[in-house]
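**Student:** I am attaching a structure below and will ask some questions about it afterwards.
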Amino acid sequence: MELEDIKGIGNNLLKKLNSLNIYTIDDLLENYPYKYNFINIIDINNAVENETCMLKANIVGEAKVQYIKRNFNRLNFKAITNNIILNVTIFNRAFLKNNLTINREVVLVGKYNKLKNSFIASDIKFNITDNKIEPVYHLVEGITNNNIIKFVDSALQEVDGIPDYIPDYLNKQYHFLSKRDALNLIHKPNNIDDIKKASIRLKYEELFNFMFKINYLKKINSKAKGIKRDVKWEDANKFILNLPFELTSDQINATKDIYNDLTNENRMNRLVLGDVGSGKTVIATYAIYLNYLSGYQSALMAPTEILASQHFESIKKNLEKLNVKVALLTGSMKKNEKSKILTSLKNGEINLIIGTHALISEGVEFHNLGLVVTDEQHRFGVGQRNTLRDKGNVPDVLYLSATPIPRTYALTIYGDLDLSIIKTKPSGRLEIITKVKKEDEIKDVLYKMLEELKLGHQIYVVSPLIENNDGLDLKSVLDLEEKFNVAFNNKISIGILHGKLKNKEKDEIMEKFKTGEIKILISTTVIEVGVDVPNSTMMVIYNAERFGLATLHQLRGRVGRNSVQSYCYLVSNKDTQRLKVLEESNDGFYISEKDFEMRGQGDLFGVKQSGEATFKIANLKEDYKILLQAKKDSMEFIDNKGYEDMDYYQKMIEKINFIN
């Protein structure tokens with residue numbers, strides 16, 4: 001059965017469903033409600049002042065719409081309930097006007113003001129019966145909650161044989177509902193107990209599937225043969241001795257992990273997880289040098305040209321005395337320049353190539369690729385990472401990530417990788433002083449900015465929006481540029497950076513900021529990853545409440561890149577208690593723990609990234625116990641080869657083997 005076979009789904013609604021990532025019947029049935037409305041209609045005489053209630057009423061006056069400003073309107077009409085006529089107001093629901101006909105019965109959801117005889121509605125429902133649980137789904141414009149309810153209901157009635165992916169013995173062991181019963185109850189519950197039973201079963205299945213993939217990958221990776229290098233510890237150690245600084249204890253432990261990985265016969269598959277500014281690049285350079293000593297080439301892929309160029313400069317500096325030939329390859333290079341590099345790479349004259357996605361293009365050939373390093377690995381899809389890896393004969397793989405997450409979760413969700421965690425920061429760096437300020441305290445922030453500018457330093461300013469949105473009271477990049485020009489009498493050079501700019505424009509602006517031509521860079525979160533401008537000593541983040549703590553910590557990591565005292569100001573009128581966590585700590589792992597406690601998995605990886613763990617119903621924080629049980633059960637299932645009798649897992653293994 002296809003989506004188009006469901007009555008009421010035409011081409012237009014099909015496109016709307018696709019935009020909700022619903023392409024198949026399975027997608028529709030696994031598009032779970034994100035909350036439920038418990039319908040409890042009361043008599044108006046029992047309504048409590050300023051408390052949300054539900055009233056059944058009949059419309060007695062024509063609905064009128066008043067447009068207050070762009071993207072903001074007010075709809076008014078009169079309705080009667082229990083012989084009391086109410087003046088009903090609802091905002092931003094102009095599209096309901098034609099449905100609000102005189103004498104029609106509706107259910108009003110909102111707050112009753114007895115003195116003014118008014119009702120401020122937050123929702124208006126049609127054809128609702130009392131004492132019902134209504135599922136609420138994520139929507140896009142042009143598709144209603146009732147549409148989804150109707151389509152799901154049709155699918156549940158018409159679909160035969162809904163497959164169950166939990167092995168039978170586990171279903172019996174945990175007394176789980178059948179998959180069909182669980183889907184019926186999650187979409188059409190009669191009571192809270194139905195929701196609990198259905199969600200536990202569906203969460204377990206989702207997490208079991210996830211942990212099966214992780215555990216299977218771990219198993220095959222542990223057996224995968226790689227390149228056995230014969231390099232003495234003291235020879236590899238020359239790189240460390242040649243550095244102009246001492247490694248931290250965590251960095252030393254990471255180099256030991258890498259030495260052991262690269263000198264045994266199994267393929268390395270390691271993630272170096274480190275806080276911002278903890279020195280992950282030095283660890284990667286150590287691996288590259290060890291690989292060079294064994295006669296193999298290395299490739300380092302970074303998500304942006306700015307970051308690739310930055311790596312090229314710092315790594316080349318650390319390796320030039322050791323005779324390692326380093327080259328840079330980016331998409332914006334001229335054809336003849338690129339051609340020379342590709343020829344040298346193929347001939348083995350280049351020992352390390354650093355680049356962006358350009359590294360995975362067709363014309364890139366290696367002489368003998370032995371090590372692949374992927375920086376900010378979650379910024380690339382699995383396919384992109386593997387395309388680069390497949391350019392060599394089973395090269396070792398090293399991933400770098402500056403997204404600190406709680407260790408217990410990292411060990412689970414990155415369970416297919418060996419993990420090196422770097423928490424200690426290089427010596428000589430001062431802690432970033434962070435302060436939370438309300439908007440009416442902005443003068444304090446401006447004085448501090450002026451102070452830093454007079455010292456010849458540079459400043460980042462971050463906004464969540466590119467342009468002003470009338471519906472949201474948020475500062476935009478363009479609005480801030482105008483305000484700072486006024487504040488500093490147009491005497492300070494200001495640049496703006498955001499995701500809608502072309503790559504070339506972004507690179508030009510960043511180059512001007514790096515060289516000091518731009519003094520204040522106003523940006524969206526595109527500056528979050530890896531950009532290193534040591535002269536920038538201050539960051540101001542507007543509407544800081546819009547970001548998770550982990551993201552804010554990543555952002556402020558753009559300053560404090562030298563021995564000069566740096567500052568971060570979080571400007572917000574809301575949620576300031578949560579933001580104070582950043583005032584008290586510069587430890588990304590502690591902050592991620594706090595973020596996880598307060599916000600759950602939503603901000604686990606900062607701004608949501610592609611390629612990371614995303615779940616339809618499970619939540620890593622709330623369901624961690626289920627995740628651990630699913631991890632244990634799936635490992636036993638693999639060890640006992642139970643998957644050999646289930647087509648679903650056989651196909652999953654084929655796919656994993658193909659990708660791997």
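**Student:** Quick test for you: out of L14, L28, pick the one residue that is in contact (Cβ under 8 Å) with a residue 60 or more places away in the chain, aliphatic (A, V, I, L, M) and not in a loop (DSSP other than H, G, I, E, B).
**Tutor:** On inspection, the qualifying residue turns out to be L28.
**Student:** Within the range 221-270, which residues are β-branched (V, I, T) and in a helix (DSSP H, G or I)?
**Tutor:** Hits for the range 221-270 are I240, I252, T255, I258.
**Student:** Quick check on the range 144-172: of everything there that is small (G, A, S) and part of a helix (DSSP H, G or I), which residue is surrounded by the most Cβ atoms within 10 Å (Cβ to Cβ)?
**Tutor:** Among those residues, the one meeting the criterion is A155.
**Student:** Do you know which residues across the range 22-77 are of a type in the set (S, T, N, Q) and either in contact with a strand residue (DSSP E or B) (Cβ under 8 Å, 6 or more places away or on another chain) or more than 30 Å from I6 (Cα to Cα) (or both)?
**Tutor:** Scanning the range 22-77 gives N37, N40, N45, N46, N50, T52, N58, Q66, N71, N73, N76.
**Student:** Still on this structure: Starting from the range 389-410, keep only residues that are more than 16 Å from N351 (Cα to Cα), then list their pairs with residues that are of a type in the set (K, R) and assigned to a loop (DSSP other than H, G, I, E, B) whose Cβ atoms are within a distance under 6 Å, requiring at least 6 positions of separation or different chains.
**Tutor:** V394/R267
**Student:** Can you pull out every residue in the range 14-73 that is closer than 30 Å to R180 by Cβ, charged (D, E, K, R) and either surrounded by 13 or more Cβ atoms within 10 Å (Cβ to Cβ) or not assigned by TED's automatic domain parsing to the domain that holds Y137 (or both)?
**Tutor:** K16, D26, D27, E30, listed by residue number.
**Student:** Give the range 478-510 a look and list any residue that's among the charged types (D, E, K, R) and touching a residue at least 24 places away in the same chain (Cβ under 8 Å), or say none.
**Tutor:** E481, K500, K504, K506, D507
**Student:** Here's another thing I want to ask about it. Is there any pair linking a residue in the range 45-60 that is over 16 Å from V107 (Cα atoms) and in a strand (DSSP E or B) to one that is modelled with pLDDT under 95 and not acidic (D, E), with Cβ under 6 Å and at least six apart or on different chains, and which?
**Tutor:** So the pair list comes out empty.
**Student:** Give the range 398-425 a look and list any residue that's closer than 20 Å to H553 by Cα, outside any loop (DSSP other than H, G, I, E, B) and touching a strand residue (DSSP E or B) at 6+ places or on another chain (Cβ under 8 Å), or say none.
**Tutor:** Residues satisfying the conditions are L400, S401, R407, A410, I421, I422.
Condition check ((1) over 22 Å from I315 (Cα atoms); (2) among the β-branched types (V, I, T)) across all residues:
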| position | (1), (2) |
| --- | --- |
| K514 | no, no |
| D532 | no, no |
| F547 | yes, no |
| T551 | yes, yes |
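**Student:** Determine which single condition R180 fails, assuming it passes every other condition in (1) surrounded by 13 or more Cβ atoms within 10 Å (Cβ to Cβ); (2) more than 14 Å from L29 (Cβ to Cβ).
**Tutor:** If we test R180 against (1) surrounded by 13 or more Cβ atoms within 10 Å (Cβ to Cβ); (2) more than 14 Å from L29 (Cβ to Cβ), just (2) comes out false.
The values are calculated or read from the model by the stated rules, or taken from the named source; none is laboratory data. This structure is a prediction, so every number in the text was calculated from the model and none was measured. Cβ sites come from the backbone with ideal geometry, for glycine too, and all protein chains shown count toward neighbours.
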